[in-house]
1. Kindly point out which whole DSSP H helices in the chain project their C-alpha atoms 27 angstrom or further along the helix axis while averaging a Kyte-Doolittle hydropathy of 0.5 or above.
2. Once label points are set 7 Å from the Cα along Cα→Cβ at both Ser180 and Val81, what is their separation, rounded to one decimal in nm?
3. Which residues does a label at Thr5 reach in region 229-270, if reach means a backbone N under 18 Å from a point 7 Å past the Cα toward the Cβ?
4. How big is the gap, in Å, between the Cα center of region 345-408 and the Cα center of region 44-121?
5. Using DSSP loop states and a limit of at most 12 other Cβ atoms within 10 Å to flag GluC sites (Glu not before Pro), what is the longest stretch of the chain containing no flagged site?
6. For region 83-236, taking Cα atoms only, what is the radius of gyration to one decimal and the Dmax to the nearest whole Å?
7. Let me make sure I get this right: for region 212-332, a, b and c are the square roots of the gyration tensor eigenvalues over alpha carbons, sorted descending. Under 1.5 in a/c it's rounded, otherwise prolate if a/b > b/c, else oblate. Which is it?
8. Among Ala199, Ser274, Asn35, pick out the residue whose Cα is farthest towards the positive end of the charge dipole of the chain, where Lys and Arg carry +1 and Asp and Glu carry -1 on C-beta, about the Cα centre.
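Please treat every number below as a calculation from the coordinates, not as lab data. In this text, all values refer to a predicted model and were calculated from it rather than measured experimentally. Cβ placement follows ideal geometry from the backbone for every residue including glycine, while neighbour counts extend to all protein chains displayed.
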Amino acid sequence: MKKLTLPMQILIALVAGIVVGLICFFAGIPQFTANYLKPFGDIFVNLLKFIVVPVVLFSMIDGILSMEDMKKVGAVGWKTVAYFLVTTAIACVIGLVCASVFNNAGFFPVLDTANAEYEAKAFGGFMKTLVDIFPTNMWQSFSSANMLQVIVIALFFGGAILAAGEKAQLCRDIVSSFYSVIEKLMSFVISLSPIGVFAYMAWVVATQGAEILGSLALVLGCAYIGYIIHAVAVYSVSAKVFAGTSPLKFFKGAAAAMIFAFTSTSSAATLPVSKECADKMGADSDISSFVLPLGATINMDGTAIYQCVATVFLASCAGLELTIGQMIIVVVTATLASIGTAGVSGAGMIMLAMVLEAIGIPVAYIGLIVAVDRLFDMGRTCLNVTGDISCSLCVSKWESKKAAKAKK
Ligand code: ASP
């Protein structure tokens, strides 16, 4: 019998998880999934978290070394960041438009804000965030899995190894040897992903089933419409226009990472799967090694859409209509907040506080949507990783065209 491909196994696990979740939900035993199935999902996500720091570190250094000079790293870097920024700004606009349409049509419920409780973390401001990107102690960055700092460390080490030339040969060999080991480890952990997908899906459906049917269904629906529009209109179109990949091939190729992100709600944890998908679709491995870890850390279009939709919804609960000026503030702050969001479960909701504060909505109102955050998170993480994959395809194509031109 032919062995099922991994995307197929993941898809079957997803459907099986939904079925088992529904059975437990209607049988009134959601606790079974929380007590006995979710722990298997947790084990799987723990394994991914355990490899994510070495994956980001070594894949980025390896990517930089394969590009051979810092000029090429710079060229790839600015194209990547430009793609991320433009698509995130578009995501904010899509989120705001969808939310305004829903709000004006009276689809958003008006919830009682009297008992809303949520305590936001204090933000140190932009300059403090900038300073904190630079590590003082790299072991601390590794142990706290501070991905932005890990990326900075990778950039410095990659650049320094290139600059040291022949003398750094041993370092190059060590990086490439470590990376081969980590690749093996990744593929082993990824092969277990159907188990994680099944366990998490059953748990979410069984425990959040009531919420899906509850009053926030339309707000969730609005965010998901935004996610879908963005995936189709921005990612599949840019993959087609810039990288020549048809939408069908694109979504089929990205499916494993998308489903995995959907159930794990962590872009960082999905990184190994995204890398496999991007490379299979023809991304240049050196480039995807650089683009994907960066994207899993700073490129969060799903999060940006969610933050815009949530802001319009919470504003309407507060009895406020956003002015055009406030909407512009939302676009700017949601873009920055999504960049600052870590690629882990629930981080986007924490950063939502920054957007709300910018336009004077009480942060405590986040309490109104906290119960269903995981449901928003599933879709936004799925979109976040799709954007990273699409970017790696586009940048690979731009670079290969540039190389072909230079040869002529
Ligand atoms: N969970 C998202 C991610 O990992 C971040 C978020 O919470 O928005 O991409």
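1. On the way: long enough: 6-26 (30 Å, 2.55); 38-67 (41 Å, 1.51); 70-104 (50 Å, 1.21); 169-191 (33 Å, 0.85); 193-213 (28 Å, 1.15); 373-407 (50 Å, -0.30).
Membrane-span-like by this rule: 6-26, 38-67, 70-104, 169-191, 193-213.
2. 3.4 nm
3. Backbone N within reach: 245-261.
4. Distance between centres, Cα-based: 2 Å.
5. Values: sites that count: Glu68, Glu117, Glu119, Glu321.
Excluding the exposed sites themselves, the longest stretch runs over 120-320.
6. In Å, with Rg to one decimal and Dmax whole: 22.8, 67.
7. Verdict is prolate for region 212-332.
8. Result: Ser274.
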